[in-house]
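Single-structure report; data block below.
The values are calculated or read from the model by the stated rules, or taken from the named source; none is laboratory data. Note that the coordinates shown come from a computational prediction; the quantities given were computed from them, not determined experimentally. For neighbour counting, all protein chains shown are included, and Cβ atoms are generated from backbone atoms with ideal geometry for every residue, glycine included. To get the accessible areas, we keep the full protein, side chains included, count just its heavy atoms, and leave off ligands, DNA and RNA. Shrake-Rupley method; radii C 1.70, N 1.55, O 1.52, S 1.80 Å.
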Amino acid sequence: MANFLAILMLVSFWVSFISGQNPGLEAPYRIHTLFSVECQNYFDWQTVGFMHSFKKAQQPGPVTRLLSCTEEEKKNYKGMDLAPTLEVPSMSRHPKTGDWYPAINKPAGIVHWLKHSKDAQSTDWVVILDADMILRGPIIPWELGAEKGHPVAAYYGYLIGCDNILAKMHTKHPELCDKVGGLLAMHIDDLRVLAPLWLSKTEEVREDRAHWGTNITGDIYGTGWISEMYGYSFGAAEAGLRHKINDNLMIYPGYTPQPGVEPILLHYGLPFSVGNWSFSKLEHHEDGIVYECGRLFPEPPYPREIKLMEPDPNKRRALFLNIECINTMNEGLLLQHTRNGCPKPKWSKYLSFLKSKTFAKLTQPKLLTPPRMQTEVAKEVKEINESIRPYPKIHTLFSTECTTYFDWQTVGLMHSFHLSGQPGNITRLLSCTDEDLKQYKGHDLAPTHYVPSMSRHPLTGDWYPAINKPAAVVHWLNHVNVDAEYIVILDADMILRGPITPWEFKAARGRPVSTPYEYLIGCDNELAKLHTRHPEACDKVGGVIIVHIDDLREFALLWLLKTEEVRADKAHYATNITGDIYESGWISEMYGYSFGAAELKLRHLISNEILIYPGYVPKPDVKYRVFHYGLEFKVGNWSFDKAKWREVDMVNKCWATFPDPPDPSTLEQTDENELQRDLLSIECARTLNEALRLHHKRRNCPEPTVLSNPALDTTKDIANSRKVGRFSKTDDIESNPVPRNHSQESSEPKVRDGLFSTLRFWIILLWVFSGLGFILVMLAMCSGYTSKGSSKGKSNKSRRRSYTGFLKTNGRDRQGRKSDASL
């Protein structure tokens, strides 16, 4: 018997050792995964993808779908068998207030699960995810570092309400407010305390309409849609929970992972693309794809195509993640169709790929190794000889004003920011007068910090909008709790092509990095001697700035003061002193920066490999990170000059884009320098247009064919999808005069209007009928049937009169449109 017990203990030890558990601990711990949905096709296909990835990732423990439905919805609901399910009473329409807010079903569902599910009585750890997620590997709370009282969560930096009045109003412990969400892993005891607070705080924030503004909540729609997220953070603060925040576990497809990081969760809440292929969950809101045999989402490019498409290893990793996300969902749909009793689909190359060993190998579970080790892909990017340490946090800033001119630039910069893999968060510093803000429509274009306008100087009355840049930075530093170590400062008229990081460009405390602005000749002459005590420390830099937060705190006010000083020195505006070709003091802000830095003897590392102006010849083998399209640039007879689009509302007019640049295949191949120059110019213009197209799509602009309906008013009620809530946001889209561009194409914003194609169809049809009528008349006359010929002649005349009237009316319509465009 003793020998038997000894053998049993030995076997138990080895089993626990092999499974990765410590023999001395209570093991195994019991994990339960939860996700919340509603009775809609939209959530059904997400459920299929989630459940398939859950099994594929080998996530331990059971999973429960919290299904919130009304009794009426359940009568026609077909997806009850898609996942292990707990039915939850719907709170989409609040039973007391009548408020329509489906997101509240998440905390309400968890409270219901804790009270009514037997599983909640036999669980140690809970993992809470969203339906629009794909698991790539098991999420095991204790391996992530979760402890009782210390849940693990992903970072949601846009929850700025944790740092301002919102937290002070809604929790007694604002200092404990963590900006987290997405992935939550916590002990069941913590969840029991937190869940009712999560629900009540969600209701509380939802009712606080006075503080729904984007500048307070970070909600780009300003509609309180992220109240549930604040409900979680404020509820956790009330419960005294402090999170272990991990920014590496979850990634949005379309974003570039940091070197050495292997995400285990894909959150496809935003549109993403690979080459000409793209996917947005919003486009599939009413999609019954789960119940339509043989239907899958459009197939993405194959891995071998991506290898040819993208030479950069880290960007290539991002593209692989994109296709992995959609391929996993399609694989899940195939299996679900089989369970539904669908016939076996016809063979195709894509189906063969999904069933291949190659795909199985690419999507095998990604296991966490504590601590995370650098991947082979990261080693391709850069060899690190020292031990791996976490990179410092980065925050990106750019300054704009309340005009449509800056709005389309913001759309371009934000789109490129998300594609570039730039780490950290981004904030738009928006300088507006109170009057401007009343009329302004672009609040939702970017995470925004609002700044009083200094375009008209409050003391001198000088009109100089460029001063808003240093003034806004000062205001931001004084009003925001900044948790980043380095700040990257850009201009709105820039397109990011890759990450700008302090570790790559060797920025350090006391040693900012910037790009050369050689035309600032005032650093070498009497101007510097007049405006700084250390003219020898004046660096001719600007454009992109990477600076340590402590340096920026010391330096920002000097930047503002020196700008005012140089602006007031009208006696030295001359081109031979400042380099300003307009001799108007317009670049005073740039000198304000250089002279302010010189006062503190901040010497810059100047990099020629960060920024390029489209139209300039690139240096060979340099991967520029930023396009600065501040100057006009051309490719053949096509050209782009941002100044000519100053008064054009590209953002609020549906499907407005800039004239397309030439196709790269049409370029001359004789001169390699000119070819590379033109390719970069085309890339810049295409990125701007792609940003605008995606912006119009997110706004749910009517399809181009719908725009042909003359009764349709595209200026009203462009409704947002249920993905972000069933609410409407009214955008008054104004018609603006369009400046002429030196392009062979029209400079008017291209609106894909179906009116012209529809009109052409009717004209052709009328011509056909007129011709037939004429032939019939001639045949009748030749046959000698006078009376019938007369009758048909009248009919023909009637047709021609109708046709003529149609053309006249249409001509008046065209003339009317020309008149409108000229206003």
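When you scan the stretch 44-63, how many residues do you find that are part of a helix (DSSP H, G or I) and within 18 Å of Leu265 (Cα to Cα)? It would help to see each step written out before you state the result.
Applying the first criterion (part of a helix (DSSP H, G or I)) to the stretch 44-63 yields 44-56.
Subsequent filtering for residues that are within 18 Å of Leu265 (Cα to Cα) retains 45-56.
Summing the residues that are part of a helix (DSSP H, G or I) and within 18 Å of Leu265 (Cα to Cα) in the stretch 44-63 gives 12.
Consider Glu526 carefully, then state whether it is surrounded by fewer than 22 Cβ atoms within 10 Å (Cβ to Cβ) and over 30 Å from His415 (Cα atoms).
Working: surrounded by fewer than 22 Cβ atoms within 10 Å (Cβ to Cβ): yes; over 30 Å from His415 (Cα atoms): yes.
The answer is yes for Glu526.
Determine which single condition Lys562 fails, assuming it passes every other condition in (1) without any contact (Cβ under 8 Å) to a residue 40 or more places away in the chain; (2) basic (Lys, Arg); (3) outside the structural domain of Asn468 (by the TED database).
Among (1) without any contact (Cβ under 8 Å) to a residue 40 or more places away in the chain; (2) basic (Lys, Arg); (3) outside the structural domain of Asn468 (by the TED database), the lone unmet condition for Lys562 is (3).
Considering each of Val488, Val480 in turn, give the residue that is touching a His at 6+ places or on another chain (Cβ under 9 Å) and surrounded by fewer than 16 Cβ atoms within 10 Å (Cβ to Cβ). Before the answer, list the steps.
Values: Val488 fails: surrounded by fewer than 16 Cβ atoms within 10 Å (Cβ to Cβ).
Being touching a His at 6+ places or on another chain (Cβ under 9 Å) and surrounded by fewer than 16 Cβ atoms within 10 Å (Cβ to Cβ) holds for just one of Val488, Val480, which is Val480.
For the stretch 113-131, how many residues meet the condition of being open to solvent by 10 Å² or more (accessible area, probe 1.4 Å) and not hydroxyl-bearing (Ser, Thr, Tyr)?
Total satisfying the criteria: 9.
Which ones in the stretch 71-110 are in contact with a Cys (Cβ under 8 Å, 6 or more places away or on another chain) and over 27 Å from Trp125 (Cα atoms)?
Glu73, Lys74, Tyr77, Gly79
Quick one: how many residues across the stretch 180-193 are crowded, with 23+ Cβ neighbours inside 10 Å and not in a strand (DSSP E or B)?
1
Residue-wise test of (1) of a type in the set (Phe, Trp, Tyr); (2) in the same structural domain as Gly49 (by the TED database); (3) over 29 Å from His415 (Cα atoms).
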residue	(1), (2), (3)
Ser227	no, no, no
Ser233	no, no, no
Ala236	no, no, yes
Gly240	no, no, yes
His243	no, no, yes
Gly254	no, yes, no
Gln258	no, yes, no
Pro263	no, yes, no
His267	no, yes, no
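Which residues, counting only those in the stretch 57-77, are modelled with pLDDT of 95 or more, open to solvent by 10 Å² or more (accessible area, probe 1.4 Å) and charged (D, E, K, R)?
Residues satisfying the conditions do not exist here.
Yes or no: Ala556 open to solvent by less than 10 Å² (accessible area, probe 1.4 Å), within 33 Å of the chain's Cα centre (by Cα) and assigned by the TED database to the domain that holds Ala528? Reasoning before the result, please.
Details: open to solvent by less than 10 Å² (accessible area, probe 1.4 Å): yes; within 33 Å of the chain's Cα centre (by Cα): yes; assigned by the TED database to the domain that holds Ala528: yes.
Spelling it out, Ala556 is indeed open to solvent by less than 10 Å² (accessible area, probe 1.4 Å), within 33 Å of the chain's Cα centre (by Cα) and assigned by the TED database to the domain that holds Ala528.
Would you point out the residue of the stretch 670-689, among those that are out of contact with any Asp or Glu (no Cβ under 8 Å at 6 or more places or on another chain) and farther than 18 Å from Arg625 by Cα, that is most open to solvent (accessible area, probe 1.4 Å)?
The extreme case among them is Thr670.
Look at the stretch 570-625 and say how many of its residues are in contact (Cβ under 8 Å) with a residue 60 or more places away in the chain and charged (D, E, K, R).
Residues that pass the stated criteria total 6.
Filter the stretch 650-664 down to the residues that are touching a Phe, Trp or Tyr at 6+ places or on another chain (Cβ under 8 Å) and open to solvent by less than 20 Å² (accessible area, probe 1.4 Å) and list them by number.
The answer is Met650, Val651, Phe658, Pro659, Pro661.
Restrict the check to the stretch 6-29 and report whether at least one residue is closer than 27 Å to Pro141 by Cβ, open to solvent by less than 30 Å² (accessible area, probe 1.4 Å) and either within 30 Å of the chain's Cα centre (by Cα) or modelled with pLDDT of 90 or more (or both).
no
So, Leu667, is that one in contact (Cβ under 8 Å) with a residue 12 or more places away in the chain and either open to solvent by 80 Å² or more (accessible area, probe 1.4 Å) or within 30 Å of Ala528 (Cα to Cα) (or both) or not? Before you say what the answer is, go through the steps one by one.
On the way: in contact (Cβ under 8 Å) with a residue 12 or more places away in the chain: yes; either open to solvent by 80 Å² or more (accessible area, probe 1.4 Å) or within 30 Å of Ala528 (Cα to Cα) (or both): no.
Taking the combined requirement at face value, the residue does not satisfy it.
Among residues belonging to the stretch 332-371 that are part of a helix (DSSP H, G or I) and basic (Lys, Arg), point out the one that is most open to solvent (accessible area, probe 1.4 Å). Walk me through how you get there before you give the answer.
Within the stretch 332-371, the subset part of a helix (DSSP H, G or I) is 332-339, 349-354, 357-362.
Retained after the next criterion (residues that are basic (Lys, Arg)): 339, 349, 357, 361.
Details: Arg339: 147, Lys349: 108, Lys357: 182, Lys361: 148 Å².
Once the filter is applied, the top-ranked residue is Lys357.
With the structure loaded, tell me whether Tyr158 is of a type in the set (Ser, Thr, Tyr) and buried (at least 21 other Cβ atoms within 10 Å of the Cβ) or whether it fails that test. Show your work before the answer.
Numbers: of a type in the set (Ser, Thr, Tyr): yes; buried (at least 21 other Cβ atoms within 10 Å of the Cβ): no.
Considered against the rule, which asks whether it is of a type in the set (Ser, Thr, Tyr) and buried (at least 21 other Cβ atoms within 10 Å of the Cβ), Tyr158 comes out as no.
Every residue in the stretch 288-329 that is part of a loop (DSSP other than H, G, I, E, B) and under 17 Å from Met51 (Cβ atoms), please.
First, the residues of the stretch 288-329 that are part of a loop (DSSP other than H, G, I, E, B): 288, 292-302, 310-312.
Answer for the stretch 288-329, where residues must be part of a loop (DSSP other than H, G, I, E, B) and under 17 Å from Met51 (Cβ atoms): Leu296, Phe297.
Given the conditions (1) at pLDDT below 95; (2) closer than 28 Å to Pro141 by Cα; (3) under 17 Å from the mean Cα position of the chain (by Cα); (4) open to solvent by less than 60 Å² (accessible area, probe 1.4 Å), report the number of the one that Ser273 does not fulfil.
(2)
Can you name every one of the strands (runs of 3 or more DSSP E) wholly within the stretch 64-171 that holds 3 or more residues which are without any contact (Cβ under 8 Å) to a residue 40 or more places away in the chain? Steps first, please.
On the way: elements: 85-89, 125-130, 133-135, 152-155.
So the answer is 85-89.
Does Asn608 qualify as being closer than 29 Å to Pro535 by Cα, in contact with a Ser or Thr (Cβ under 8 Å, 6 or more places away or on another chain) and surrounded by fewer than 17 Cβ atoms within 10 Å (Cβ to Cβ)? Outline the logic, then answer.
Numbers: closer than 29 Å to Pro535 by Cα: yes; in contact with a Ser or Thr (Cβ under 8 Å, 6 or more places away or on another chain): yes; surrounded by fewer than 17 Cβ atoms within 10 Å (Cβ to Cβ): yes.
Answer is yes for this residue.
Kindly provide the set of residues from the stretch 643-659 that are under 23 Å from the mean Cα position of the chain (by Cα) and either more than 14 Å from Ala691 (Cβ to Cβ) or without any contact (Cβ under 8 Å) to a residue 12 or more places away in the chain (or both), ordered by number. Show your work before the answer.
Taking the stretch 643-659 as the starting set, the residues that turn out to be under 23 Å from the mean Cα position of the chain (by Cα) are 649-658.
Once the filter is applied, which keeps residues that are under 23 Å from the mean Cα position of the chain (by Cα) and either more than 14 Å from Ala691 (Cβ to Cβ) or without any contact (Cβ under 8 Å) to a residue 12 or more places away in the chain (or both), the stretch 643-659 yields Asp649, Asn652, Lys653, Cys654.
Would you mind stating whether Trp503 is open to solvent by 20 Å² or more (accessible area, probe 1.4 Å) and either outside the structural domain of Tyr450 (by the TED database) or without any contact (Cβ under 8 Å) to a residue 24 or more places away in the chain (or both)?
Details: open to solvent by 20 Å² or more (accessible area, probe 1.4 Å): yes; either outside the structural domain of Tyr450 (by the TED database) or without any contact (Cβ under 8 Å) to a residue 24 or more places away in the chain (or both): no.
Criteria not met by Trp503.
Just give me the residues in the stretch 660-697 being more than 17 Å from Pro618 (Cα to Cα) and within 21 Å of the chain's Cα centre (by Cα), in sequence order. Don't jump to the end; show me each part of the working.
Taking the stretch 660-697 as the starting set, the residues that turn out to be more than 17 Å from Pro618 (Cα to Cα) are 660-663, 665-666, 686-697.
Arg686, Thr687, Leu688, Asn689, Glu690, Ala691, Leu692, Arg693, Leu694, His695, His696, Lys697 - these are the residues of the stretch 660-697 that are more than 17 Å from Pro618 (Cα to Cα) and within 21 Å of the chain's Cα centre (by Cα).
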